[in-house]
Amino acid sequence: MLVSMKSILDNALEGKYAVAAPNVDNEHNVRAAIEAAEEMNSPIILGVPYHANPDIEYFGRIITDLARRASVPVAINLDHGASYEHCVHAIRAQFTSIMVDRSQEPFEINVAETKELVKVAHAVGVTVEAELGHVGVGENYDVDGYTGLTDPDEAVRFVEETGVDCLAVAIGTAHGVYKGEPNIRFELLEELTEKLQIPLVLHGGSGSGDENLAKCAKLGICKVNLSNDLRKASIEELTSQDLSGNAVYGMYRFLGEGFKNKVKHYITVLGSEGKA
Ligand SMILES: [Zn+2]
């Protein structure tokens, strides 16, 4: 069933688990993600970057149709909404959540632009995620992983002023493949959870380590964004097959299997199995 992201996250906060948010961009990985959730009886959040698919409205029709047919709760979130237009377009494409990412702007601009979209989204029951502090890219982890961490007092002001439903926090994870080892600040996460009392979101789940992610889920992270590991698992499954002769016809099935099995792995790690 297609549901609001807020309903999934509020349940996760109360139950002290996190929900996997795989990045999807085509019918095959949408189906793989939903099948993984159904087989584990878990809620799932599909993360869609604006440019993931060439046509967000067409993709919105596919993804919402598949979500409505699912036996478990499915939310659809615009990942890293970079402009007012992209966010409004995602709402028109029937997404049930938008992320307004102004994390690289100064605090006051981040507040003002997020607040404006909260008003639009909430008018039609759409959830809003924003980001404070900045989660960088793993390739620059020696710099990005150590700067831009979320300031707890600033975060309290941000949530009060914007009225967001959930907040992506920078606690030492990074997008994509890490250069070196991830250094996650659990004490910072605990402080943020205690002060904010809303569901928190972790970006850059791939390569962050299963134990670290499981611990984050217990400490207030309610959604973990995943992309790189899922794509890698798809490709590994495909390339592990004997693709000679007519076996090539199985291409999308192999890619989907790899994706699905990795989503199931993360559902187990994050503790959302059986929580649908
Ligand atoms: Zn992200």
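The values are calculated or read from the model by the stated rules, or taken from the named source; none is laboratory data. Because the structure is predicted, anything quoted here is derived from the model rather than measured. When we count neighbours, we look across all protein chains shown, and the Cβ atoms used for this are built from the backbone with ideal geometry, even at glycine. Note: accessible area is taken over every heavy atom of the protein model, side chains too, but ligands, DNA and RNA are not part of it. Shrake-Rupley method; radii C 1.70, N 1.55, O 1.52, S 1.80 Å.
What the table below lists for this structure:
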| item | result |
| --- | --- |
| Where Val118 falls short, out of the listed (1) of a type in the set (A, V, I, L, M, F, W, C); (2) within 16 Å of the ligand (Cβ to nearest atom); (3) under 26 Å from Ala90 (Cβ atoms) | (2) |
| Boolean, Ser71 is surrounded by fewer than 20 Cβ atoms within 10 Å (Cβ to Cβ), touching a residue at least 12 places away in the same chain (Cβ under 8 Å) and not acidic (Asp, Glu) | yes |
| Residue within segment 265-274 that is more than 18 Å from the chain's Cα centre (by Cα), modelled with pLDDT of 95 or more and of a type in the set (A, V, I, L, M) present | no |
| Complete set of residues in segment 179-222 that are within 14 Å of the ligand (Cβ to nearest atom) and at negative phi | Leu200, Val201, Leu202, His203, Gly205, Ser206, Ser208, Ile221 |
| Residue that is least open to solvent (accessible area, probe 1.4 Å), among those in segment 173-197 that are among the polar types (S, T, N, Q) and not in a helix (DSSP H, G or I) | Thr173 |
| Number of the exception - His28 against (1) open to solvent by 50 Å² or more (accessible area, probe 1.4 Å); (2) touching a Leu at 6+ places or on another chain (Cβ under 7 Å); (3) more than 30 Å from Ala214 (Cβ to Cβ) | (3) |
| Cross-chain or 6+ apart pairs with Cβ under 7 Å, segment 11-23 first and at positive phi, then surrounded by fewer than 20 Cβ atoms within 10 Å (Cβ to Cβ) | Lys16/Lys218 |
| Inter-residue pairs, beta-carbon under 7 Å, first in contact (Cβ under 8 Å) with a residue 24 or more places away in the chain and in segment 179-192, second loosely packed, with under 13 Cβ neighbours inside 10 Å, 6+ apart | Lys179/Asp142; Gly180/Asp142 |
| Tally of residues being within 16 Å of the ligand (Cβ to nearest atom) and closer than 20 Å to Leu202 by Cβ across segment 39-74 | 6 |
| Unique residue being out of contact with any Gly (no Cβ under 6 Å at 6 or more places or on another chain) and part of a strand (DSSP E or B) when the list is Val111, Val120, Val128, Val143 | Val128 |
| Matching residues, segment 136-172, being touching a His at 6+ places or on another chain (Cβ under 9 Å), open to solvent by less than 60 Å² (accessible area, probe 1.4 Å) and modelled with pLDDT under 95 | Gly136, Gly138, Asp144, Gly148 |
| Looking only at segment 35-59, and only at residues there that are under 17 Å from Ser97 (Cα atoms) and of a type in the set (A, V, I, L, M), the one that is modelled with the lowest pLDDT | Ala52 |
| Subset of segment 87-115 [within 16 Å of the ligand (Cβ to nearest atom), under 21 Å from Ser4 (Cα atoms) and surrounded by fewer than 20 Cβ atoms within 10 Å (Cβ to Cβ)] | none |
| Selection from segment 151-171 of residues that are within 14 Å of the ligand (Cβ to nearest atom) and either among the aliphatic types (A, V, I, L, M) or in a loop (DSSP other than H, G, I, E, B) (or both) | Leu167, Ala168, Val169, Ala170, Ile171 |
| Residues (in contact with a strand residue (DSSP E or B) (Cβ under 7 Å, 6 or more places away or on another chain) and either free of Cβ contacts under 8 Å to residues at least 24 places away in the same chain or β-branched (Val, Ile, Thr) (or both)) located in segment 74-98 | Val74, Ile76, Ile91, Thr96, Ile98 |
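The rows are residues; the columns are (1) hydrophobic (A, V, I, L, M, F, W, C); (2) surrounded by fewer than 19 Cβ atoms within 10 Å (Cβ to Cβ); (3) not in a loop (DSSP other than H, G, I, E, B).
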{"residue": "Gly205", "(1), (2), (3)": "no, no, no"}
{"residue": "Leu213", "(1), (2), (3)": "yes, no, yes"}
{"residue": "Lys232", "(1), (2), (3)": "no, yes, yes"}
{"residue": "Gly250", "(1), (2), (3)": "no, yes, yes"}
{"residue": "His265", "(1), (2), (3)": "no, yes, yes"}
{"residue": "Ser272", "(1), (2), (3)": "no, no, no"}
